[in-house]
Amino acid sequence: MIDTVCQHIDVENFRNITAASVTFTEGVNLLHGDNAQGKTNLLEAVYFTALGKSFRPVKEAELIRFGEESAHVVNRFSDSVRAQSLSVRLFAGRGRRVVEQNGMKVGKMSDMVGAFRVVLFCPEHLSLIQGGPELRRSYLNVALSQLRPLYLQSLQRYSKLLKERNALLKRAPEDMATFKATEPMWSAQLAHEAAIITIHRARYVRQVNDHVKACFSDMMTKYEGGDELPELTYQPTLGSDWLREREGDPSLFTDERRLEERYLELLTTRHDREIGAGATLWGIHKDDVRIHLNGRPARLYASQGQQRSLALAMKLAEGWVSAYESGGDMPVFLFDDVLSELDVHRRDYLVRQMRGRQVIMTACDPAAADFGGAVNLIHVDGGRYTQKEREV
Ligand code: ATP
Ligand code: MG
């Protein structure tokens, strides 16, 4: 096995889990049980060791079991090279944490992200096509953060700079002098990070696009007929005229200096509009990924089933690109309650694509893991986990 495999997870005072020690197998692992027992919580603990945060919109302190001072998660995993461990301890209060990789303290969380890679697929991702652009930006951020430490660092810097610049724009009507004096510094730094992020995102969308096309046509020709072709295109806020003038230019999304200059131009020549809005109007926080099907916006024209297939294809593509960029190591797939959302054809397709991969999934019904092979069944009851392997 050359893929990344989560072998074992130890959890203490994380969400409703007082103490749990769970061993996973290389294939399919199913966390099953009634609602509100801790299925998603364990998946969240695994994800936490990959991204250093939850996939649910929560404050960090809410991850710590009510009434406790700290939570602790230790993930023992292996990849094609070696066995490793990641330990994350989270303290109440101001969200202080201590991270250790293979027993050595890690200074910043961003230094650890990427060591253990995952692809999460949860019901929210079924809205990747129809939902707002923030969902698609988050898709890019989660994937790229795990592949490129420099991307994550740029993204973190960008978020901080954006907050500062927006605060400055809001105060500008009352305090123009401070705005004029400090804005050039914020804009220059913001343009620099934006250019770096744009280059990564443009390349990633091109890579994903190839896989989405392949997955989608595979699903469609087998089950639904037709020869419709999806196309994912990166949509930065560089201005349509500027982009049109450079159409077909192979250096459009590789020339960092030119991108930086363009972002800076946008950030320094349209202050009236930005002050009116009280917010930065150009930059990677406004990016989107355009998703077309046969040349038309999939959001408007694709059927519900096609939209689900596209979302599923995007999630699988995330895995394939991650493996490609990591010397062939496939990440661990985490499926939260998602199989019940898919019809039999898409489930069938997903099951075949997951053969030979590690999957950790949740469902109420143990029959959900009908993957046609050995399944590590883990029953979840009030934050306790009981295992038994079975042949389905
Ligand atoms: P479903 O099938 O409905 O998705 P689930 O088994 O996935 O259920 P989880 O989301 O894992 O459920 O767990 C939810 C439970 O965890 C809830 O009962 C919630 O009150 C509890 N919980 C969440 N955060 C904490 C916390 N910080 N401390 C203690 N319990 C918590
Ligand atoms: Mg759940």
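Tabulated data for the structure shown
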read-out	value
Any pair with Cβ under 8 angstrom, 6 or more apart, that starts in segment 49-67 at a residue that is within 15 Å of ligand 2 (Cβ to nearest atom) and among the hydroxyl-bearing types (Ser, Thr, Tyr) and ends at one that is at pLDDT 90 or above and open to solvent by less than 50 Å² (accessible area, probe 1.4 Å)	Ser54/Glu44; Ser54/Tyr47; Ser54/Phe48; Ser54/Leu63
Some residue of segment 54-68 being modelled with pLDDT of 95 or more, more than 21 Å from Ala20 (Cβ to Cβ) and not in a loop (DSSP other than H, G, I, E, B)	no
Strands (runs of 3 or more DSSP E) wholly inside segment 280-392 containing at least 3 residues that are open to solvent by less than 20 Å² (accessible area, probe 1.4 Å) and modelled with pLDDT of 90 or more	288-293, 332-336, 359-363, 374-381
Residue check, Leu42 at pLDDT 95 or above and more than 13 Å from ligand 1 (Cβ to nearest atom)	no
Selected residue (only one of Arg244, Arg270 is more than 26 Å from Pro297 (Cβ to Cβ) and either without any contact (Cβ under 8 Å) to a residue 60 or more places away in the chain or not hydroxyl-bearing (Ser, Thr, Tyr) (or both))	Arg270
Lone unmet requirement of (1) β-branched (Val, Ile, Thr); (2) more than 16 Å from His8 (Cβ to Cβ); (3) surrounded by 15 or more Cβ atoms within 10 Å (Cβ to Cβ) for Val73	(2)
Condition met for Asn29 (open to solvent by less than 40 Å² (accessible area, probe 1.4 Å), near ligand 1 (Cβ under 8 Å from one of its atoms) and under 22 Å from the mean Cα position of the chain (by Cα))	no
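For every residue, the table says whether it meets (1) of a type in the set (Val, Ile, Thr); (2) farther than 27 Å from Val46 by Cα; (3) within 16 Å of ligand 1 (Cβ to nearest atom); (4) under 20 Å from the mean Cα position of the chain (by Cα).
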{"position": "Ile275", "(1), (2), (3), (4)": "yes, yes, no, no"}
{"position": "Gly295", "(1), (2), (3), (4)": "no, yes, no, no"}
{"position": "Ala311", "(1), (2), (3), (4)": "no, no, no, yes"}
{"position": "Met314", "(1), (2), (3), (4)": "no, no, no, yes"}
{"position": "Ser326", "(1), (2), (3), (4)": "no, no, no, yes"}
{"position": "Met330", "(1), (2), (3), (4)": "no, no, no, yes"}
{"position": "Val359", "(1), (2), (3), (4)": "yes, no, no, yes"}
{"position": "Leu377", "(1), (2), (3), (4)": "no, no, yes, no"}
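The values are calculated or read from the model by the stated rules, or taken from the named source; none is laboratory data. Predicted, not measured: the structure shown is a model, and the values here were computed from it. Positions of Cβ are backbone-derived with ideal geometry, glycine not excepted, and every protein chain shown enters the neighbour counts. These accessible areas exclude ligands, DNA and RNA; they are computed on the full protein's heavy atoms, side chains included. Shrake-Rupley method; radii C 1.70, N 1.55, O 1.52, S 1.80 Å.
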